[in-house]
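Quick note: the coordinates plus some simple rules give every number you see, no bench work behind them. These numbers come from a predicted model, not from an experiment. Cβ placement follows ideal geometry from the backbone for every residue including glycine, while neighbour counts extend to all protein chains displayed.
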Amino acid sequence: MHDFKFGLGDEVRDRITGYVGVVICRTQWLNNCNTYGVRRRELDKDGKPQESEHFDEPQLAAVNKKVLPSHRETGGPERPVPQTNR
């Protein structure tokens, strides 16, 4: 098993199609092939995020590091949630 070459939030370019976007997810398969979900930064004509595309790691090249933060506060519970006896 080896580490991922690109981090979440990195901007990458597909060497074959020229598709440029931000890494939004990573997957490591049993055969040790890493794939990345990449989404363009531009919105579509309706102002919504575009669908992501998936690429194998050797097919991608780095454009910029950490163009988007990989961690943000999501809120979570405001108070401790009591455990139940099940």
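Subtract the Cα-Cα distance of ALA62 and LYS48 from 0.36 nm times their separation in residues, and report this length gain in nm to one decimal. Intermediate values should be presented prior to the final figure.
Working: separation 14, 0.36 × 14 = 5.04 nm, distance 2.50 nm.
My answer for the length gained is 2.5 nm.
Taking K and R as +1 and D and E as -1, what net charge do the other residues with C-beta under 13 Å from the C-beta of GLY7 add up to?
On the way: positive: LYS5, ARG26, LYS65, LYS66; negative: ASP3, ASP10, GLU11, GLU57.
Neighbour charge sum, excluding GLY7 itself: 0.
Would you please give the residues with an amide H less than 5 Å from that of VAL63, counting only those at least 5 places away or on a separate chain, with H modeled from the backbone geometry?
Those qualifying (amide H under 5 Å, at least 5 residues apart or on another chain) are GLU11, VAL12, ARG13.
For the stretch 11-64, what is the relative contact order in percent, using Cα pairs closer than 8 Å and at least 6 residues apart in sequence?
Details: 98 pairs, mean separation 20.6, N = 54.
The normalised contact order for the stretch 11-64 reaches 38 percent.
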